[in-house]
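Heads up, the thing below is written out as structure tokens.
What follows draws every value from the coordinates through simple rules; no lab data is involved. Not measured: the values here are computed from a predicted model. Positions of Cβ are backbone-derived with ideal geometry, glycine not excepted, and every protein chain shown enters the neighbour counts.
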Amino acid sequence: MSTYTNEQVSHLVEGTLDWETTFRMLSMPKDDSRFEQYLAALQAKVGFPDRIVLPLGPHLYIVQSAKTKQWVTQCDCGHAFCDYRENWKLHAAIYVRDTEESMTEVYPKLMAPDTQWQVYREYYCPQCGVMHDVEAPTPWYPVIHDFEPDIEAFYKEWVNLPVPERAAD
């Protein structure tokens, strides 16, 4: 049995849940069904038929493709970046702030980092333009691959749900 309704979890996802209920949710242990409710709320929010397997960010997911059954990294708008094991950032539109002028769009002039030591890389969906991530590495550092989730272990050991079907590689 769930302590919270699907509607309350949907409001939590949308950021419209009242503070008192939000505080109670944050203060108490999660229900066994909360992850399923969360996925259902996210699925209702997006306009694509692909099944959300694991959320990666506010607008980025690992999904099970409705057509191929492969797990891919996908945006809210339905743009599929690549296989979930690849670095999706290499398939994104990238804006690099590597000049004093571009840095002062973010920071006041005297507070901006030295572009010889640090740049900002902003990663956008090439289809809808939503920003998915920002990195602040040294200029020569390669694109960071955040992580490769072990989805099977997550479903079996953490949320105790059947692992979503996936086509053989």
## Note on the structure
Most exposed first, judged by fewest Cβ atoms within 10 angstrom, C75, C125 run C125, C75
### Task
Would you pull out the residues with amide H under 5 Å of D133's amide H, same chain only if 5 or more places away, H placed 1.01 Å from N?
Y123
#### Entry: Calculated [θ] (222 nm, deg cm²/dmol) that DSSP helices of n ≥ 4 give over the chain, each run adding -39,500 (n - 2.57)
-5500 deg cm²/dmol
### Task
Could you size up the charge dipole of the chain around its Cα centre, putting +1 on the beta carbon of Lys and Arg and -1 on that of Asp and Glu, and report it in debye to the nearest 20?
300
### Summary
HN-Hα couplings for region 106-123 via Karplus (6.51, -1.76, 1.60; θ = phi - 60°), in whole Hz with x for Gly/Pro, come out as 9, 10, x, 3, 7, 10, 6, x, 6, 6, 6, 10, 8, 10, 10, 10, 10, 10
### Query
Taking the simple approach of a point 7 Å from Cα along Cα-to-Cβ for both T99 and H145, what is their distance in nm?
3.3
### Summary
Output for region 66-169: GluC sites (Glu not before Pro) sitting in coil per DSSP, at most 11 other Cβ within 10 Å, listed by number, reads E105, E165
### Query
R34: net charge of surrounding residues, Cβ under 15 Å, Lys/Arg +1, Asp/Glu -1, itself excluded?
-2
### Message
Quick one: the Cα spread of the chain along its three principal axes, in angstroms, biggest first?
### Response
55, 46, 29
### Query
If you take the Cα atoms of region 1-45, find Rg, then find the Kirkwood Rh from the mean of 1/r over all pairs, what is Rg/Rh?
0.93
### Task
List every residue whose amide H lies under 5 Å from the amide H of F81, counting only residues 5 or more places away in sequence or on a different chain, with H placed 1.01 Å from N in the peptide plane.
T73, Q74, C75
